[in-house]
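**Student:** Quick one: this structure, given as structure tokens, is what I'll be asking you about.
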Amino acid sequence: MMHVHRHMTTLAWAASLALSPAVFAQELANGGDSRYLSRLVPFESSHAIVQRAQNDETALNARYSFRYSIISDESHHMPCRAATPDATDERDCSEWFLAYNGEFDFYAGTRPSGPVINRTSNPSGHFRWRDKEGSYVDVGIQHRSNGQVQDPSDPLVQERAAHAYAIGDHAYFDGMSRSSNYVSLEGGKRWRENYQLTASGKLYFAQDGDVSWGPLANSRSKLSDYDRLQFRARAKFWRADAGIEWTVGDKGLHTDSWNADISIVYGGLPFYLRYHHGPMRTLSNYTVPQSTIGFGLIFLPDPWARANRDTDTKARKQDSKNVQ
């Protein structure tokens, strides 16, 4: 049944992504208004880092995230604000959108043949309401998997996994298939543009989390044991953006994990340092605690959106003065 859910979800999202170019082409044909193309925008942060992980080879870890606005309070799907030159004339707004988050590890020169291992594929659909201060509530239906093909419930795979665990072949477990479908609820509160707290939770209605090797063999382990609630705090200061993230599952502190990161803009480049501690580093072997540290570049959507909006606001103010 889990595979049926997975295939249905994959087909639906593949269809929506396949239709996007056709939608763009039709919009351009009907007047050539490029404003509609602005519906496709960054969603969460994206990064590219060189990452060292405990009991694993060094890899290039990359994460990418985008969303496509379907229905918005704004007729042209632009940031929520009134059509006046005053930047303070923002208002409450709501939006329906599709989103996609992905992550992979590229073992260039550190594993034979330098494989690219897909870690996360996370298509989702959301309804989000936010007020003019930037606080928001988000309800979503999400699918999360890693795109791998080794079925942990297959007896032959279980036999191979037990052997791989016995000889310490950690790379074998990168091929373990993991998948889940869930309803998400998230809320965020922002203060003075520099501080933000976020809390989110998952209500699973399908999940693959079987483990047949090691100390948790046949323990009926589930993803929800490790990832049910998530709490994040972020702060902006000087040229830096720092955050900490705590993920806790149904087994509480026995299975929780932490992420901490900081980005600093220097020489026009957004340098990024990220640290992970605990399980849930990968979906394929999610029960194994791991510490990782990575350094590279990050691309944050919020500051760029703010900068673009402020620039646009100044231009509109100047245009208004010229008219007067």
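**Student:** Within the range 21-78, restricting attention to residues that are of a type in the set (V, I, T) and within 30 Å of R234 (Cβ to Cβ), which residue is modelled with the lowest pLDDT? Write out each step before concluding.
**Tutor:** Step one: list which residues in the range 21-78 are of a type in the set (V, I, T), which gives 23, 41, 49-50, 58, 70-71.
When the remaining residues are screened for being within 30 Å of R234 (Cβ to Cβ), the result is 41, 49-50, 58, 70-71.
Details: V41: 90, I49: 98, V50: 99, T58: 98, I70: 90, I71: 84.
Here the residue is I71.
**Student:** Scan the range 158-197 for residues that are in contact with a His (Cβ under 7 Å, 6 or more places away or on another chain) and either without any contact (Cβ under 8 Å) to a residue 60 or more places away in the chain or small (G, A, S) (or both) and jot them down.
**Tutor:** Once the filter is applied, which keeps residues that are in contact with a His (Cβ under 7 Å, 6 or more places away or on another chain) and either without any contact (Cβ under 8 Å) to a residue 60 or more places away in the chain or small (G, A, S) (or both), the range 158-197 yields nothing.
**Student:** Quick one: is V183 out of contact with any helix residue (DSSP H, G or I) (no Cβ under 7 Å at 6 or more places or on another chain) and under 26 Å from Y136 (Cα atoms)?
**Tutor:** When the stated conditions are applied, V183 passes them.
**Student:** I'd like to know if the range 169-185 contains one or more residues that are of a type in the set (D, E, K, R), out of contact with any Pro (no Cβ under 6 Å at 6 or more places or on another chain), within 23 Å of W246 (Cα to Cα) and assigned to a strand (DSSP E or B).
**Tutor:** no
**Student:** Hey, could you check the range 161-212 for residues that are charged (D, E, K, R) and loosely packed, with under 13 Cβ neighbours inside 10 Å and say which is farthest from H126 (Cα to Cα)?
**Tutor:** Once the filter is applied, the top-ranked residue is D169.
Results for (1) part of a strand (DSSP E or B); (2) within 17 Å of the chain's Cα centre (by Cα); (3) buried (at least 18 other Cβ atoms within 10 Å of the Cβ), shown as yes or no for each residue.
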site	(1), (2), (3)
G109	no, no, no
S121	yes, yes, yes
R128	yes, yes, yes
I141	yes, yes, no
R144	yes, yes, yes
Q148	no, no, yes
P152	no, no, yes
L156	no, no, no
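**Student:** Still on this structure, I have one more. Restricting to the range 228-266, name every residue that is in contact with a Phe, Trp or Tyr (Cβ under 6 Å, 6 or more places away or on another chain) and of a type in the set (G, A, S).
**Tutor:** A235, G249, A260, S263
**Student:** Which condition number in (1) touching a Phe, Trp or Tyr at 6+ places or on another chain (Cβ under 8 Å); (2) among the hydroxyl-bearing types (S, T, Y); (3) within 20 Å of E44 (Cβ to Cβ) is the one that Y165 fails?
**Tutor:** All conditions are met except number (3).
**Student:** Another question, then. Could you go through the range 195-206 and let me know if any residue there is in contact with an Asp or Glu (Cβ under 6 Å, 6 or more places away or on another chain) and under 30 Å from S94 (Cα atoms).
**Tutor:** Checked against the condition, which is being in contact with an Asp or Glu (Cβ under 6 Å, 6 or more places away or on another chain) and under 30 Å from S94 (Cα atoms), the range 195-206 yields at least one hit.
**Student:** Continuing with the same structure: Does the range 88-107 include one or more residues that are assigned to a loop (DSSP other than H, G, I, E, B) and at pLDDT 95 or above?
**Tutor:** Yes: one or more hits.
The values are calculated or read from the model by the stated rules, or taken from the named source; none is laboratory data. As the structure is a prediction and not an experimental result, all values here were calculated from the model. Every residue, glycine among them, receives a Cβ derived from its backbone with ideal geometry; neighbour counts consider all protein chains shown.
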